Amino acid sequence: MDAHSIAVHDAHLNNQRHVDVSLPRNKVVVVTGVSGSGKSSLAFGTIHAEAQRRYL
């Protein structure tokens, strides 16, 4: 695990299947996509939850 990023591997939540993502810490990140593509699920259900678990 890189101390400078938040990584999620093989995420499964709502519309998302087998998602791998690595985002830089302490940076602004924008998630875009069409309605219903899983932006909120990715941002709040996956990345935020993983960040809370690992870094707090």
Could you tell me the extents of the chain's C-alpha atoms along the three principal axes, largest first, rounded to whole Å?
31, 21, 17
What list of ³J(HN,Hα) couplings, whole Hz, do you get for the stretch 29-37 from phi and the Karplus terms 6.51, -1.76, 1.60, once you set θ to phi - 60° and write x for glycine and proline?
10, 10, 10, 10, x, 6, 4, x, 7
When 23, 42 are ranked with the fewest other C-beta atoms within 10 Å first, the list becomes 23, 42
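Hey, fewest Cβ within 10 Å first, where do 5, 41 land in order?
On the way: 5 12, 41 16.
Ascending Cβ contact count within 10 Å gives the list 5, 41.
Just so you know, all these numbers are worked out from the coordinates, no wet-lab data involved. Being a predicted model, the structure only gives us computed values, none of them experimental. All Cβ positions, glycine included, derive from the backbone under ideal geometry; neighbour counts span all protein chains shown.
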